[in-house]
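Taking it in order: structure first as structure tokens, then the write-up.
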Amino acid sequence: MRLVVQGPAITYAHLTHIHHLCGTSIQFIQTTEHAYYLPNQATVLPAIKQFCVEQHIDCTLVSDDQILKNFGLVVMDMDSTFISIECIDEIADMCNLKPQVAAITASAMRGEIEFAESLRQRVKLLAGLHESALQRVIDERLQLNPGAQQLIDTCKQHGIKTMLVSGGFNFFADRLKAMTGLDYTKANSLEIIDGKITGQVLGDIVDAQAKADFLIQLREKLGLKQEQVIAIGDGANDLKMMAAAGISVAYHAKPIVQQQATYALNYSGLDGVINLFTII
């Protein structure tokens, strides 16, 4: 196994200290500007874990067979994972309802309320809002999380397909697909009549089980095995999808997600996913 350490704050002084704690003559190998790995490691000492937390560095052991060429599909959540915002919260802000909607969003992300019900409650609050508010969110507030485009580009270079599966809305997912080169997207449809949001969601809601089902369907369509799939998420609604993948990555995630994921990234960008599986 290899010890992967990474993060925008990492320095050579950090590496020297971690290397000393490991007590090995093997040297760190650099993969990108902010990522390194130490081969032939069997464990991560508690002192190393504590040091990395204190210094805002992600560190984890990765199996030697987990390298980019062995994967064929990356599936990820949209809101607060691929992008930096919760779209529905920002839509609500356009009609001065963000605190109410954000509170329901946060509760659902922590797993305190069933997702489909939480979505219905939030969308109902948006009834009567003009559809131009959706475009305003894109124009004024939507931003990719750090490393998102690099993740997509690197996957393309290695023949890995990418899919965005969201409990949010296809208005945003479809535009992100066009913007970044994602291969597939699945999300919910807002009902809009006469230019206004009705407060209803069209069709079946993309909830936790649907996310997992979409991952499995695409995996089978592509002829891949479970261990060839990586799933990335941050909230409780992503757990079933992450469990359906061979590798799961908790990205700046809620504690419940970090506890159940294969790996957790708390300080790195989404390019940190690539760094986990890159060797030289």
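The values are calculated or read from the model by the stated rules, or taken from the named source; none is laboratory data. Since the model is a prediction, treat every value here as computed from it, not as a measurement. Cβ coordinates were reconstructed from backbone atoms using ideal geometry, including for glycine residues, and neighbour counts include every protein chain displayed.
Structure values in brief
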| read-out | value |
| --- | --- |
| Residue match in region 16-27 (condition: within 27 Å of the chain's Cα centre (by Cα) and either farther than 16 Å from L265 by Cα or acidic (D, E) (or both)) | no |
| Region 48-101 - residue that is touching a Lys or Arg at 6+ places or on another chain (Cβ under 7 Å) and among the small types (G, A, S) and, of those, surrounded by the most Cβ atoms within 10 Å (Cβ to Cβ) | A92 |
| Selection within region 102-113 - surrounded by fewer than 14 Cβ atoms within 10 Å (Cβ to Cβ) and either closer than 14 Å to A208 by Cα or within 20 Å of the chain's Cα centre (by Cα) (or both) | E112 |
| Subset of region 200-254 [among the small types (G, A, S) and either within 11 Å of V74 (Cα to Cα) or modelled with pLDDT of 95 or more (or both)] | A210, A212, G223, A231, G233, A243, A244, A245, G246, S248, A250, A253 |
| Test: residue in region 29-42 that is in contact (Cβ under 8 Å) with a residue 12 or more places away in the chain, closer than 29 Å to Q209 by Cβ and small (G, A, S) | no |
| Enumerated helices (runs of 4 or more DSSP H) restricted to region 223-280, each holding at least 1 residues that are small (G, A, S) and under 12 Å from the mean Cα position of the chain (by Cα) | 271-276 |
| Region 152-176 residues that are under 14 Å from V273 (Cα atoms), paired with ones that are hydroxyl-bearing (S, T, Y) and in a helix (DSSP H, G or I) (beta carbon under 7 Å, 6 or more apart) | I152/T180 |
| Matching option when the condition is part of a helix (DSSP H, G or I) and polar (S, T, N, Q), among T105, T81 | T105 |
| Helices (runs of 4 or more DSSP H) contained in region 117-217 and holding at least 1 residues within 17 Å of the chain's Cα centre (by Cα) and of a type in the set (F, W, Y) | 170-180 |
| Single unsatisfied condition, K186 versus (1) among the charged types (D, E, K, R); (2) modelled with pLDDT of 95 or more; (3) farther than 22 Å from S80 by Cβ | (3) |
| First in region 181-193 and in contact (Cβ under 8 Å) with a residue 40 or more places away in the chain and closer than 18 Å to K161 by Cα, second anywhere and of a type in the set (S, T, Y) and buried (at least 16 other Cβ atoms within 10 Å of the Cβ), Cβ under 7 Å, 6 or more apart | A187/S166 |
| Yes/no for G23 being within 20 Å of G233 (Cα to Cα), small (G, A, S) and surrounded by fewer than 21 Cβ atoms within 10 Å (Cβ to Cβ) | no |
| Residue within region 216-230 that is under 24 Å from E112 (Cβ atoms), buried (at least 20 other Cβ atoms within 10 Å of the Cβ) and touching a helix residue (DSSP H, G or I) at 6+ places or on another chain (Cβ under 6 Å) present | no |
| Test: residue in region 28-37 that is of a type in the set (A, V, I, L, M, F, W, C), part of a strand (DSSP E or B), under 15 Å from G272 (Cα atoms) and touching a strand residue (DSSP E or B) at 6+ places or on another chain (Cβ under 6 Å) | yes |
